[in-house]
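Below is one structure. I have some questions about it.
The values are calculated or read from the model by the stated rules, or taken from the named source; none is laboratory data. Quick caveat: nothing in here was measured; it's all calculated off a predicted structure. For neighbour counting, all protein chains shown are included, and Cβ atoms are generated from backbone atoms with ideal geometry for every residue, glycine included. Accessible surface areas use protein heavy atoms only, side chains included; no ligands, DNA or RNA. Shrake-Rupley method; radii C 1.70, N 1.55, O 1.52, S 1.80 Å.
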Amino acid sequence: MNVEELKVIWKKEEEIAHIHGWDFSHIHGRYEEENDLPWDYEKIVRQYLNSKSNILDYDTGGGEFLLSLNHPYSRTSATEGFKPNVDLCREKLLPLGINFKACDKPSEIPFGNETFDVIINRHGDFNAIELYRLLKNDGVFITQQVGSDNERDLVEMVLPGSTKPFPHLNLKQQRKVFDNAGFQIIQAEEAYRPIYFYDVGAFVWFAHIIEWEFPIFSVERCFSQLLEMQRIINETGKIEGTIHRYLMIAKK
């Protein structure tokens, strides 16, 4: 395949880089990540739930993970701030009886004091003081977060010298934040693991979806760097980067 043919393929991936909810099925089989984290987020969340727990999923995305828990809908609440996902959640969650509310300010969550036994958050925003307000005594906040070093090697491949978008998102700093808010940290882990892309088109799609990590990325602007990625894939079968994740469970 010549250079111009590759550009056409990659530009098509760029044009269709949109998602409904948080659905990465477009590149399933073309990339891999989070297959070997040292914890199981879903299993941990389930350990803290019982049928009487009042649960909030803050930044629920399209509600996919929340619904997979099969928690009683009358005891389930959720928020989301990204407009396309807000519309999706209204269509999908409200008819089930889930108490969904639009919210894009983690410091102003529209629920009352001491409402929840469990608050969960995966790869979303949060505010420790507000979470403390919302939790009942002995309630827990469970989060898996994308760390500040996430995919920095991939970013450097296409946009060298880019600054980190969220430099404060690491376990050491966030532990201090939650300690200062009055929480007891009952579990905290951090991990660096590989992420693989098996074709450059999958990476192009991904980089446009994760636009906050890959600012000003485009096929035109980064074409020579993408050709270098293609050379590496031709030789090794994949492009490898590094994800940064951390898990924290904090108790009120």
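Just to confirm the filter: which trypsin sites (Lys or Arg not before Pro) across the range 22-80 are DSSP coil and have at most 12 other Cβ within 10 angstrom of their Cβ? Don't skip to the answer; put the middle values down first.
Working: sites: Arg30, Lys43, Arg46, Lys52, Arg75; in loops: Arg30, Lys52.
Passing both the DSSP loop test and the Cβ count: Lys52.
Within the set of other residues whose C-beta is less than 13 Å from the C-beta of Ile195, count the net charge using Lys and Arg as +1 and Asp and Glu as -1.
On the way: positive: Arg30, Arg152, Arg193, Lys238, Arg245; negative: Glu32, Glu33, Glu34, Asp36, Asp149, Glu151, Asp153, Glu213, Glu240.
Counting the neighbours of Ile195, the net charge comes to -4.
Mind checking the full-extension length gain between His28 and Leu227? Use 0.36 nm per residue of separation minus the Cα-Cα distance, one decimal, nm. Could the numbers behind the result be given before it?
Working: separation 199, 0.36 × 199 = 71.64 nm, distance 2.22 nm.
69.4 nm is the gain from fully extending His28 to Leu227.
If you don't mind, there's one more thing I want to ask. In the chain, what percent of the accessible surface is made up of carbon and sulfur (1.4 Å probe, ligands and nucleic acids excluded)?
Whole-percent figure for carbon plus sulfur exposure: 49.
How big is the convex hull of the Cα atoms of the chain, per residue, in Å³?
Values: hull volume 31.6 nm³, N = 252.
It comes to 125 Å³ per residue, whole-number rounded.
With +1 on the Cβ of every Lys and Arg and -1 on the Cβ of every Asp and Glu, and nothing else charged, how large is the dipole of the chain about its Cα centre, in debye rounded to the nearest 20?
Numbers: 28 positive and 39 negative charges, 196 e Å.
The calculation lands at about 940 debye.
What lysines could a cross-link reach from Lys11, if we take a straight Cα to Cα line under 28 Å and drop same-chain neighbours fewer than 8 places away?
Those lysines meeting the cut-off are Lys83, Lys164, Lys238.
Take the chain, connect every pair of alpha-carbon atoms lying under 10 Å apart with a spring to form a Gaussian network, then pick out the residue of Thr242, Thr163, Thr79 with the largest mean-square fluctuation.
Among Thr242, Thr163, Thr79, the largest GNM mean-square fluctuation belongs to Thr163.
Over all directions, the average projected area of the alpha-carbon convex hull for the range 5-78 comes to how many nm²?
Working: hull surface 26.9 nm².
With every direction weighted equally, the projected area is 6.7 nm².
Could you tell me which of Ala102, Phe217, Ile55 has its Cα farthest along the dipole of the chain towards the positive end, charges placed at Cβ (Lys, Arg +1; Asp, Glu -1), taken about the Cα centre?
Highest projection toward the positive end goes to Ile55.
If you rank His18, His208, His123 by how much accessible surface each has, with a 1.4 Å probe, what is the order from largest down?
Values: His18 140, His208 50, His123 70 Å².
If we order His18, His208, His123 from most to least accessible, we get His18, His123, His208.
With every protein chain in place, what's the accessible area of Ser148 (1.4 Å probe, Å², nearest 10)?
The accessible area comes out at roughly 10 Å².
Additional query: Might you work out the accessible area of Phe166 for me, using a 1.4 Å probe with all protein chains in place, and round it to the nearest 10 Å²?
Phe166 exposes around 90 Å² with every protein chain in place.
Okay, moving on. Within the set Lys136/Lys172; Lys105/Lys136; Lys176/Lys252; Lys136/Lys252; Lys176/Lys251, which residue pairs have Cα atoms separated by over 18 Å? All intermediate terms of the calculation are to be shown ahead of the outcome.
Details: Lys136/Lys172 25 Å; Lys105/Lys136 21 Å; Lys176/Lys252 15 Å; Lys136/Lys252 7 Å; Lys176/Lys251 14 Å.
Lys136/Lys172; Lys105/Lys136, as the Cα separations exceed 18 Å there.
Name the most mobile residue of Glu240, Glu151, Glu91, meaning the one with the largest mean-square fluctuation, in a Gaussian network model of the chain with Cα contacts below 10 Å.
Largest GNM mean-square fluctuation: Glu91.
With a probe of 1.4 Å, find how much accessible area the chain has per residue, and write the answer as a whole number in Å².
Numbers: 12200 Å² over 252 residues.
Per residue, the chain has an accessible area of 48 Å².
Then there is this: Loop-only chymotrypsin sites (Phe, Trp or Tyr not before Pro) in the range 151-241, please: DSSP not H, G, I, E or B, and at most 14 other Cβ atoms within 10 Å.
Within the range 151-241, the qualifying chymotrypsin sites (Phe, Trp or Tyr not before Pro) (loop, at most 14 other Cβ atoms within 10 Å) are Trp212.
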